[in-house]
Amino acid sequence: MLGDRDYMKEEARRYSFGGTARRNMTAMPVWLKLIIACVIVFILQKMSPAIEEALVFGWSTFTKAYIWTPFTYMFAHGGFMHLAFNMWGLYIFGSMVEPRIGGKSFFRLYIFAGLIAL
């Protein structure tokens, strides 16, 4: 079986959240941190339209000189289904890609891809 192989045991151990090694935020995978950040930003967006306006990327952000929006728009979402499908995709691909390229490289890839998608 696949679960009997050494490399599968190591991967399962790396992402088990019940163990003592995974109790702090720094030990969490980057893809999970990004999902948590996006959900928090989505909740803040829905609580205050001013926060949403300050985060999203658009023509009004150019006129107000919100220079941070090319980075913050990656965490903002238009609705619950938009958030749900994006986070599902981040979970699927992040959990496969991050172990192979590392957490820092995965975060750089996420930011770079978001900037390219402008």
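The values are calculated or read from the model by the stated rules, or taken from the named source; none is laboratory data. Since this is a predicted model, take the numbers as computed values, not measurements. So basically every Cβ, Gly included, is an ideal-geometry build from the backbone, and we count neighbours across all protein chains shown. Heavy atoms of the whole protein, side chains included, go into the accessibility calculation; ligands, DNA and RNA do not. Shrake-Rupley method; radii C 1.70, N 1.55, O 1.52, S 1.80 Å.
Please find the FRET efficiency linking LEU44 to ILE92, where r is the Cβ-Cβ separation and R0 is fixed at 22 Å, and quote it to the nearest 0.05.
Efficiency, from the Cβ-Cβ distance: 0.30.
Which length gain, in nm to one decimal place, applies between ILE111 and ALA54 when the Cα-Cα distance is subtracted from 0.36 nm times their residue separation?
18.7 nm
Residue by residue through the range 78-87, what is 3J(HN,Hα) from phi via Karplus (6.51 cos²θ - 1.76 cosθ + 1.60, θ = phi - 60°)? Round to whole Hz and write x for glycine and proline.
With the stated coefficients, the range 78-87 comes to x, x, 5, 5, 4, 4, 4, 5, 5, 6 Hz.
Leaving out ligands, DNA and RNA but keeping every protein chain, what accessible area does ARG108 have, in Å² rounded to the nearest 10, with a 1.4 Å probe?
Per-residue accessible area (ARG108): approximately 150 Å².
Provide Rg and Dmax in Å for the range 49-103, with only Cα atoms included in the calculation.
Every Cα atom of the range 49-103 included, Rg and Dmax give 14.3, 41 Å.
Residue-wise, which Karplus ³J(HN,Hα) couplings in Hz belong to the range 89-104, taking 6.51 cos²θ - 1.76 cosθ + 1.60, θ = phi - 60°, and x for glycine or proline?
For the range 89-104, the Karplus curve yields x, 5, 5, 4, 7, x, 5, 8, 7, 4, x, 8, 10, x, x, 5 Hz.
Determine ³J(HN,Hα), in whole Hz, for all residues of the range 29-46 in sequence, where each value follows from phi through the Karplus function 6.51 cos²θ - 1.76 cosθ + 1.60 and θ = phi - 60°; x replaces Gly and Pro.
Each residue's phi maps through the Karplus curve to give x, 4, 4, 6, 4, 5, 5, 4, 4, 5, 5, 4, 5, 4, 5, 5, 4, 6 Hz.
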